[in-house]
Amino acid sequence: MRKGQGSVVLPFGTAGSRSATPWHASCSLRQMFLREALLRCSQLEDEVASVYAGLAGCEAATPDAATAWAEVAREEKQRARLLYALAELTAVLDDDGPFLVQAPVQLANLRRVVDNVRGRLASTVDACTAMRCAEALEATQRSELHAGLLEVAEPEVRRLLSLIDSETRNAHRADGDGAKPRGSARSRGSCAHPAS
């Protein structure tokens, strides 16, 4: 799909879906396509990972809490990398993806929570504050947002795989017979060099 040429029905709503929040000129949030949503969500997940890593390293953390928060920080970092990689796929496809209706609201809400938690953690942290901050992050329903973004990104991934397959076939056809033996000449032990 080219920019502005359609949408996909998602649980969290995209343009044209029955469950979508109405989008009109009076809305204060601007439009958002899949690529931007993935990039912004990746950045927020990276910040959430930093918050959990900070909680794991704070003096108020019990050993069990520190271990759990360190593990959550690793998971959030991995999720941030996945979302970023998916966003880069849309760049390869020269396509921003479908227009998403509720993602800007969800991302703005997540941004507020992350900023609030980071503000509370800027000063000395006691065990109670640390737990409240972790609970606030867990209450953001990030999993629902991620699941929706991954669902919308899946066709983009399939499209890229199809493009790779097509390019591979075209490259083999350009070699002549269309059936290239598996493995390169180098992997079969030959030292073929181009003629000077």
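Rule-based calculations on the coordinates, nothing more; no lab input. If you're wondering where the values come from, they're calculated on a predicted model, not measured in any experiment. Every residue, glycine as well, gets a Cβ built from its backbone with ideal geometry; the counts of neighbours run over all protein chains shown.
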Most packed first (mean Cβ within 10 Å per residue), the peptides 98-106, 38-46 order as 98-106, 38-46
Can you give me the P(r) profile for the stretch 32-155? Cα pairs, bins 10 angstrom wide beginning at 0, each as a whole percent.
14, 43, 28, 13, 3
The answer for F33, listing residues at least 5 apart or on another chain whose modeled amide H is closer than 5 Å to its amide H, is L100
